[in-house]
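To start, the structure itself, in C-alpha cells.
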Amino acid sequence: MEKREELYAGKAKSVYRTDDPDRFVMVFRDDTSAFDGEKKEQLNRKGMVNNKFNAFIMNKLEQAGVPTHFEGLLSDTDSLVKKLDMIPVECVVRNVSAGSLCRRLGVEEGQDLNPPTYELFLKNDALHDPMVNESLAVTFGWAKEDELARMKELTYKVNSVLKTLFEEAGMLLVDYKLEFGRSNDTIVLGDEFSPDGCRIWDMETRKKMDKDRFRQGLGEVIETYEEVGRRLGINFD
Ligand code: ADP
Ligand code: UDP
C-alpha cells in the first residue's frame, strides 16, 4: 500500500492518504504529550510499542465481534486502517476511580466502580475536552441518537472483552477512552487502544503501568508499556 501525503498530524500519531481512497496509514510517532500538549517529550520506541500493542488489541476486539478500522501492520510504526468519518466525541468507561473523575467529584482514587461508569467528552483541545452528554451531542450534530447508542453498546462490549484479558494477565483495566467513526453508515472503532489512552494497574501492587507514568513523572514509561504487552503475550522484537 503506497503512503501518500500526510493529511493530519495529531499529538502522537499522523494520518496519511494512500492510493486507496478508503484506506489510511496511521503512523505511531515517539511524541508523547499530556495536559493538552503542555508536557511534551520524545520517548524512544513508543511509536513501535503502541503500534504493536494496538494491533494486538484491535485483533482481539475484531475476534470478539467489535468492528474496528484496523486492517494490518505495515511496519514497526505504521498500520493500515479504514478511512473513517470520525465522531468528535470520546467515550470513557471506568472500572476503578482515577484521573478526572476523582478531581471532578472529589472521590478517592482506587474505588471499584460497580456498575462501571460511562462518560462522553467533546474532542476539542482548545476547550480542554469538556464533558458532554448525549443530548448535547445530538443537538449540536456531533452524532445521531442511534450512533450514540451503538457507541455505548460497543464501548461496554470492549470492556467485557478487555477487562477479562487484562485480569487474566494480572492487571486491572482501570479506565480507557475510545473514539469511533463512520464507515458506510456503520459505527466502527477507530484511533488506538494502547497504554497512552487507558489506565492499567498491576493487580497485586497497584503499580501504574500506563501514561500516568509520564503524566506523573514516575519514569520507565516505555519499559512498563512493554511489560504490559509482554504479560498479554505481545512480541515487540
Ligand atoms: P490527537 O488528534 O488527539 O492529537 P493523535 O495524535 O492520536 O490524536 O492523532 C490521530 C488522529 O487521527 C485523531 O484525531 C483521530 O481522531 C484520527 N483518526 C484515528 N483513526 C482514524 C481513521 N480510521 N480515519 C480517520 N481519522 C482517524
Ligand atoms: N484519555 C485519553 N485522551 C483524552 C482524555 C482521556 O486517552 O483526551 C484517557 C485517559 O488516559 C484515561 C481515560 O481516558 O485512561 C480517562 O481519562 P480522565 O477523564 O480521567 O482524564 P485525565 O485524568 O487523563 O485527564
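Please identify, among MET203, MET58, MET86, the residue showing maximal mean-square fluctuation in a Gaussian network model of the chain using a 10 angstrom Cα cutoff.
Taking springs between Cα atoms under 10 Å, the residue moving most is MET203.
Considering the dipole of the range 5-94 built from charges on the beta carbon (Lys and Arg +1, Asp and Glu -1) around the Cα centre, which of GLY47, PHE35, TYR16 is farthest to its positive end?
PHE35
Just by accessible area at a 1.4 angstrom probe, what is the order of ARG94, ARG104, ARG29 from largest to smallest?
ARG104, ARG29, ARG94
Where the only charges are on Cβ atoms (+1 Lys, Arg; -1 Asp, Glu), what is the dipole of the range 1-145 about its Cα centre, to the nearest 20 debye? Numbers along the way, then the final one.
Working: 20 positive and 25 negative charges, 39 e Å.
The calculation lands at about 180 debye.
Provide the per residue accessible area, probe 1.4 Å, for the chain, rounded to a whole number of square angstrom.
Result: 48 Å² of accessible area for each residue.
Return P(r) of the range 70-131 (all Cα-Cα pairs; 10 Å bins starting at 0; whole %; ordered from short to long distances).
17, 33, 28, 20, 1
Please work out the Cα convex hull volume for the range 149-235 and give it in Å³ per residue.
Roughly 101 Å³ of hull volume per residue.
Treating the beta-carbon of each Lys and Arg as +1 and of each Asp and Glu as -1, no other charges, what is the dipole magnitude of the range 142-222 about its Cα centre, to the nearest 20 debye?
Charge dipole of the range 142-222: 220 debye, to the nearest 20.
Under 5 Å between amide H atoms, partner at least 5 residues away or on a different chain: which partners does ALA98 have, H built in plane at 1.01 Å?
Those qualifying (amide H under 5 Å, at least 5 residues apart or on another chain) are GLY110.
Would you kindly give the portion of the calculated P(r) for the range 50-176 that falls above 26 Å, as a percent of all Cα pairs?
The calculated P(r) of the range 50-176 puts 30 percent of pairs beyond 26 Å.
Which values, in whole Å and largest first, are the semi-axes of the equivalent ellipsoid of the range 146-188 obtained as the square root of 5 times each eigenvalue of the Cα gyration tensor? List each step's numbers first, then the result.
On the way: eigenvalues 125, 15, 14 Å².
Each semi-axis is √(5λ); the values are 25, 9, 8 Å.
Taking θ = phi - 60°, what integer Hz values does the Karplus form 6.51 cos²θ - 1.76 cosθ + 1.60 yield along the range 16-31, in sequence order, with x for Gly and Pro?
10, 5, 10, 6, 9, x, 9, 10, 10, 9, 9, 10, 8, 8, 7, 4
What residues qualify as long-range amide H neighbours of VAL132, i.e. H under 5 Å apart, gap of 5 or more or another chain, H built at 1.01 Å from N?
Sorted by chain and number, the residues that satisfy this are LEU120, PHE121, LEU122.
Show me the trypsin sites (Lys or Arg not before Pro) within the range 177-237 that DSSP assigns to loop and that have at most 13 other Cβ atoms within 10 Å of their Cβ.
Answer in residue order: ARG206.
If you place +1 on the Cβ of every Lys and Arg and -1 on the Cβ of every Asp and Glu, how big does the dipole about the Cα centre of the range 91-237 come out, in debye to the nearest 20?
Value, rounded to 20: 260 debye.
Per 5 Å bin from zero, what fraction in whole % of the C-alpha pairs of the chain is there, up to the bin with the longest pair?
In whole percents, the pair-distance histogram is 1, 6, 14, 19, 20, 20, 13, 6, 2, 0, 0.
Based only on the alpha carbon positions, what is the Kirkwood hydrodynamic radius of the range 163-210, in angstrom?
Working: mean 1/r = 0.0837 Å⁻¹.
After inverting the mean inverse Cα-Cα distance, the result is 11.9 Å.
For the range 178-237, run through the GluC sites (Glu not before Pro) and keep only the ones in DSSP coil with at most 16 other Cβ atoms within 10 Å of their Cβ.
Of the GluC sites (Glu not before Pro), the ones in loops of the range 178-237 whose Cβ has at most 16 other Cβ atoms within 10 Å are GLU204, GLU220.
If you take the charge dipole of the range 150-214 about its Cα centre, with +1 on Lys and Arg Cβ and -1 on Asp and Glu Cβ, which of VAL161, GLY190, VAL174 is farthest toward its positive end?
Selected residue: VAL174.
The values are calculated or read from the model by the stated rules, or taken from the named source; none is laboratory data. Nothing here was measured: the structure is a model prediction, and the numbers come from that model. Methodologically, a virtual Cβ is constructed for each residue, glycine included, from the backbone with ideal geometry; neighbour enumeration extends over all protein chains shown. Ligands, DNA and RNA are excluded from the accessible area calculation, which covers all protein heavy atoms including side chains. Shrake-Rupley method; radii C 1.70, N 1.55, O 1.52, S 1.80 Å.
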